[in-house]
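Novice: The structure under discussion is supplied below as structure tokens; questions concerning it will follow.
The values are calculated or read from the model by the stated rules, or taken from the named source; none is laboratory data. Remember, predicted model here, so these are calculated numbers, not experimental data. Neighbour counts are summed over all protein chains in view; Cβ atoms, including those assigned to glycine, are modelled from backbone coordinates with ideal geometry.
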Amino acid sequence: MKRREFIEKTAASTALLSLGISLSSFKTSEIDIKHLTILHTNDVHSHIDPFPADDPRNPNKGGVSRRAALIETIRKENPNVLLLDAGDIFQGTPYFNYYGGELEFKLMSMMKYDASTIGNHDFDNGLDGLYAQMPHASFEFINSNYDFKNTVMNGLVKPYKIFNKSGIKIGVFGLGIELQGLVDKKMYQETVYNDPVEIAQDMTQLLKKEQKCDLVICLSHLGYKYRDNDSKICDLKLAELTQDIDLIIGGHTHTFLDKPTIVKNKAGEDLLVNQVGCYGINLGRIDFYFDNDKTKSSVGKSIIV
């Protein structure tokens with residue numbers, strides 16, 4: 001694709017969020033642009049059906065069938081798609097009460113999710129309940145700061161996963177919220193919570209420095225933001241306290257963002273933080289563009305389902 005054509009195309013669609021360098025500074029007259037699309041959800045909470053037409057807040061919004069059709073349309077536009085979820089797949093409708101998560105995992109598998117992290121409500125049927133549904137999930141579960149070694153979930157959750165899309169190497173790791181005080185101890189049993197900031201620094205060292213990933217994504221269920229005097233770690237604090245994360249896809253606080261928030265990390269570099277509310281009402285979309293030397297730029301928005 002010619003440089004001018006590329007710039008005109010992206011400028012016409014939406015404003016550009018720059019990560020590291022702007023497209024106007026590309027030096028070559030013709031560059032090989034690689035396009036990666038990240039699609040994501042969070043806190044769907046077993047909402048399979050769309051909201052009814054008379055719902056006072058979300059009439060005719062959401063629904064798995066609509067989301068699946070939207071995802072399929074985007075995949076036809078760009079084959080380089082990663083579909084991710086930031087946790088709290090379970091709990092919220094009678095579908096979960098009756099099927100225990102089987103339906104949710106089967107539908108996510110049919111939509112070809114690539115990975116999900118684990119939210120606090122995914123423990124609502126206990127570790128045994130989560131374990132029982134794992135055979136219905138064809139996608140990866142990723143969490144770096146929960147230690148499951150003394151539980152039935154040992155070996156079923158990966159600390160990270162590396163994906164390759166047309167030569168673009170994407171490292172994804174996951175972080176979960178502290179369970180003590182939030183989830184009944186009998187539900188998570190011997191699961192050990194480790195400090196998410198320390199784990200994030202370990203993961204970015206591994207993925208960016210050692211594995212040479214072109215893009216590092218954190219799937220977080222820490223929450224977007226809390227009160228200013230709250231010491232609890234959140235996505236915005238995580239972004240400021242770490243480096244080498246390019247994108248944090250968040251959950252837990254049901255925060256509706258129209259587009260990703262740009263945050264300066266501890267090295268003074270920009271990264272993106274995004275969350276798309278809850279209940280499958282929105283689908284997050286972030287398009288990354290890489291030039292020949294893997295310099296990247298991005299465009300992000302939330303799409304109403």
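Novice: Considering only region 145-174, how many residues are without any contact (Cβ under 8 Å) to a residue 60 or more places away in the chain, farther than 30 Å from residue 185 by Cβ and of a type outside the set (Lys, Arg)?
Specialist: Selection size over region 145-174: 3.
Novice: Which residues, taken from region 98-124, are in contact (Cβ under 8 Å) with a residue 60 or more places away in the chain, in a loop (DSSP other than H, G, I, E, B) and not hydrophobic (A, V, I, L, M, F, W, C)?
Specialist: Of the residues in region 98-124, the ones in contact (Cβ under 8 Å) with a residue 60 or more places away in the chain are 104, 115-121, 123-124.
Then keep just the ones that are in a loop (DSSP other than H, G, I, E, B); that gives 117-119, 124.
Once the filter is applied, which keeps residues that are in contact (Cβ under 8 Å) with a residue 60 or more places away in the chain, in a loop (DSSP other than H, G, I, E, B) and not hydrophobic (A, V, I, L, M, F, W, C), region 98-124 yields 117, 119, 124.
Novice: Going through region 14-55 one residue at a time, which ones are surrounded by fewer than 18 Cβ atoms within 10 Å (Cβ to Cβ), out of contact with any Leu (no Cβ under 9 Å at 6 or more places or on another chain), more than 18 Å from residue 216 (Cα to Cα) and at pLDDT below 55?
Specialist: 14, 15, 24, 25, 27, 28, 29
Novice: Between residues in region 32-48 that are at positive phi and residues that are outside any loop (DSSP other than H, G, I, E, B) and buried (at least 24 other Cβ atoms within 10 Å of the Cβ), which pairs lie under 6 Å by C-beta distance while being six or more apart or on different chains?
Specialist: So the pair list comes out as 46/104.
Novice: If you don't mind, there's one more thing I want to ask. Of the residues 219, 207, 182, 130, which is surrounded by fewer than 16 Cβ atoms within 10 Å (Cβ to Cβ) and either assigned to a loop (DSSP other than H, G, I, E, B) or in contact with a Gly (Cβ under 9 Å, 6 or more places away or on another chain) (or both)? Outline the logic, then answer.
Specialist: Working: 219 fails: surrounded by fewer than 16 Cβ atoms within 10 Å (Cβ to Cβ); 207 fails: surrounded by fewer than 16 Cβ atoms within 10 Å (Cβ to Cβ); 130 fails: surrounded by fewer than 16 Cβ atoms within 10 Å (Cβ to Cβ).
On inspection, the qualifying residue turns out to be 182.
Novice: Let me ask something additional. Only one residue in 249, 262 is modelled with pLDDT of 95 or more, surrounded by 22 or more Cβ atoms within 10 Å (Cβ to Cβ) and of a type outside the set (Asp, Glu). Which one?
Specialist: Details: 262 fails: surrounded by 22 or more Cβ atoms within 10 Å (Cβ to Cβ).
249 is the lone residue from the list that is modelled with pLDDT of 95 or more, surrounded by 22 or more Cβ atoms within 10 Å (Cβ to Cβ) and of a type outside the set (Asp, Glu).
Novice: While we're looking at this one, here's another question. Out of (1) surrounded by fewer than 24 Cβ atoms within 10 Å (Cβ to Cβ); (2) of a type in the set (S, T, N, Q); (3) not in a loop (DSSP other than H, G, I, E, B), the odd one out for residue 231 is which?
Specialist: The number of the failed condition is (3).
Novice: In region 110-133, how many residues are more than 25 Å from residue 79 (Cβ to Cβ) and either touching a strand residue (DSSP E or B) at 6+ places or on another chain (Cβ under 8 Å) or modelled with pLDDT under 95 (or both)? Reasoning before the result, please.
Specialist: Start the filter on region 110-133 by keeping residues that are more than 25 Å from residue 79 (Cβ to Cβ), which leaves 118-133.
Next, from what is left, pick out any that are either touching a strand residue (DSSP E or B) at 6+ places or on another chain (Cβ under 8 Å) or modelled with pLDDT under 95 (or both): 118-120.
Residues that pass the stated criteria total 3.
Novice: Which condition breaks for residue 186 when tested against (1) touching a residue at least 60 places away in the same chain (Cβ under 8 Å); (2) out of contact with any helix residue (DSSP H, G or I) (no Cβ under 9 Å at 6 or more places or on another chain); (3) more than 27 Å from residue 268 (Cβ to Cβ); (4) not aromatic (Phe, Trp, Tyr)?
Specialist: (2)
Novice: Does region 188-197 contain any residue that is over 29 Å from residue 290 (Cα atoms), among the aromatic types (Phe, Trp, Tyr) and not in a loop (DSSP other than H, G, I, E, B)?
Specialist: yes
Novice: Can you list residue pairs whose Cβ atoms sit under 6 Å apart, with the first residue in region 243-254 being outside any loop (DSSP other than H, G, I, E, B) and the second being at pLDDT 95 or above and acidic (Asp, Glu)? Count only pairs 6 or more apart in sequence or on different chains.
Specialist: Partner pairs satisfying both residue conditions: 248/235.
Novice: If you go through region 142-179, how many residues are in a strand (DSSP E or B) and more than 14 Å from residue 220 (Cβ to Cβ)? Lay out the reasoning, then the answer.
Specialist: Restricting attention to region 142-179, the residues satisfying the condition of being in a strand (DSSP E or B) are 142, 146-147, 158, 160-165, 168-176.
Of the ones still in play, those that are also more than 14 Å from residue 220 (Cβ to Cβ) are 147, 158, 161-165, 168-171.
Of the residues in region 142-179, 11 are in a strand (DSSP E or B) and more than 14 Å from residue 220 (Cβ to Cβ).
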